[in-house]
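Readers should treat all values here as calculations from the given coordinates under stated rules, not as data from a laboratory. On a predicted model such as this, the values are computed, not experimentally measured, just so you know. Here the Cβ positions follow ideal geometry from the backbone for every residue, glycine too, while neighbour counts run over all protein chains shown.
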Amino acid sequence: MFTVKSAYQLGFDEAHRGSATGSSYRPDGRRSCWQLIWSSDVPPTVRNFAWRVATDSLPTWKNKYVRGIETSELCPICATETEDSFHALCRCTFSRVLWDTMAGVWTLPSISTMLNTGKEWLLHALEPLPEIERSMLLMLLWRAWHIRNEVVHNKPPPPMEASSRFLVSYLDSLIGIKTDLSSDKSMGKSIITYDTGTNRPHAFITTVPTWRAPIVGWVNLCTDGSFADDGSPGAGMVLRDDKGAIIFSSCRQLFSCREPLEAELCACMEGLSLAIQRTELPVAIEMDSLIAVKMIQAKEVDRSIYASLIKAIRYLMSIRESCITHIVRSQNKVSDSLAKFARLEGRTMTWIGSGPLVATELATIDCMNFSS
């Protein structure tokens, strides 16, 4: 029977069949398309995982049901579809959230373009991608399977922001090793970039982004949440004018905080509440949590467990002319130091026009950077 799936499979096989002097099979019996996996610049664990996906040998609920291990082939997490590898990695709840999160920091194919073309859907998805994007996709799917396993085994899923930082750091480290980077050259930082034109990652030495003062007539509020492995959280916030002078700085000890994302949102809410009391000027809010910023900026009603926090932040932003943007960590050092101070010292304090020594020193360096 002719179907779109069979046509896609035929086209894929034809594309890899090669010329008259070759075929899609090598002399030793291996198909050349498998090189899409085995030649990828990812750890062996990830390549082995990808091979299991492409050979449909993951222990999905569908495969377990076929073997009589499970009584249903429905996904154990969302219970809306049969759990095959495509559903587990591209359609299930946590996989889609991770995909959306990583799309903000990596160049990935749109999840809407991913097609379930059969057992070898992964090979079909990898075939048109540049080398670095293949690596990104494989790392993403590998992490999605890890999160799925945690949930299936009744463990809390890792925070998406933690997964994002893990994946970015892991891939950057792999590329750094491959390109033989040193950690510090002429006091600059080794920055990994991904050249999709040549399909190869490369590195260069550049100046790390630093804090920038707000435009004249605005104030800048930087907030940050700190969350340790032992579960102890803290929040830091600093409000500065267009000359870089501190209006206030504050640290907050947090209680009953579940994960880093909650600490980030609590810090934003506390900081914005204080800022409205301390200035009549418009407030430019900056955070280094991309997920938190996207949640606050979203137009739709938030239905996550942090809905009340998001609602409170949006309400505070409506009271005063304001905007919120994402910055990198190197631009958020002052509030980061305040958040760590709160977490380590277990204290809640506010300084008017000043702050603890480490914070004021970092603020002075920020002023030197943006004025130079």
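Points worth noting:
- Taking the Cα centre of the range 40-171 as origin and assigning +1 to Lys and Arg Cβ atoms and -1 to Asp and Glu Cβ atoms, the resulting dipole is close to 280 debye.
- Whether the range 101-142 is rounded, prolate or oblate, judged on the alpha carbon gyration tensor where a/c under 1.5 counts as rounded: prolate
- Cross-link pairs LYS62/LYS311; LYS119/LYS294; LYS64/LYS155 - those with Cα-Cα distance over 31 Å: LYS62/LYS311; LYS119/LYS294
- Loop trypsin sites (Lys or Arg not before Pro), the range 294-372, which have at most 15 other Cβ atoms in a 10 Å radius of their Cβ (DSSP): LYS299, ARG303, ARG320, ARG347
- Using equal-weight Cα scatterers in the Debye expression, the normalised intensity of the range 84-177 in log10 at q = 0.10, 0.21 Å⁻¹ is -0.25, -1.09.
- Residues ASP302, ASP230 in ascending order of nearby Cβ atoms (within 10 Å, fewest first): ASP230, ASP302.
- Here each label is just a point 7 Å from Cα along the line to Cβ, and for ALA245 and HIS146 those points are 4.8 nm apart.
- Multiplying the residue separation of GLN277 and ASN48 by 0.36 nm and removing their Cα-Cα distance gives an extension gain of 76.8 nm.
- Net dipole in debye of the range 219-371 [+1 Lys, Arg Cβ; -1 Asp, Glu Cβ; about Cα centre; nearest 20]: 260
- For the range 243-253, the Karplus equation 6.51 cos²θ - 1.76 cosθ + 1.60, evaluated at θ = phi - 60°, returns couplings of 9, x, 6, 6, 8, 7, 10, 8, 10, 9, 7 Hz by residue, with Gly and Pro reported as x.
- Derived scalar couplings ³J(HN,Hα) [the range 99-104; Karplus, 6.51 cos²θ - 1.76 cosθ + 1.60; whole Hz; x for Gly, Pro]: 4, 4, 5, 6, 5, x
- Amide N of the range 255-296 lying under 15 Å from the label point, which is placed 7 angstrom from the Cα of ALA162 along Cα→Cβ: 257-264
- Ranked LYS243, LYS119, criterion: other C-beta atoms within 10 Å, fewest first: LYS243, LYS119
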